[in-house]
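FYI, it's all coordinate maths here, none of it is from the lab. Keep in mind it's a predicted model, so treat the numbers as computed, not measured. FYI the Cβ positions are ideal-geometry reconstructions off the backbone, even for glycines, and counts take in every protein chain you see.
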Amino acid sequence: MLRRGRKLDDRAPEAWSLLRAAEYPAVAQGDRHFALCWRTLAWDHAPGALLLREAGGSVMRWDGSAYLPAIPGEGLLIARNPAVADEVSRRVDLATAAA
């Protein structure tokens, strides 16, 4: 539990997993257009990635390759649809951020 007065960065690592789990439904439901993630541990992202893809969303690495939970890497773009993913990729140089 987050104590009053603590910063987000002070949260325990378990809290970050909970935040990631909330990102995917928010994007799938249209509450958010996209989210960027640095850490891409399978247990944080695989269930949400499946949910979002089934809902028509896009989940990809910053270099544009598909997110595959069994292949380690850093940087993930989750978007409510492929058009949003393309727009974010066009406006933000994610490949440079990943390098």
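Any idea what the dipole of the range 14-98 comes to, in debye rounded to 20, about its Cα centre with Lys/Arg Cβ at +1 and Asp/Glu Cβ at -1?
So the magnitude is around 80 debye.
In the neighborhood of Gly64, defined by Cβ-to-Cβ distances under 15 Å, what is the net charge if each Lys or Arg adds +1 and each Asp or Glu adds -1? Kindly include the intermediate steps, with their values, before the conclusion.
Details: positive: Arg61, Arg90, Arg91; negative: Asp63, Glu74, Asp86, Glu87, Asp93.
Around Gly64, the charge tally is -2.
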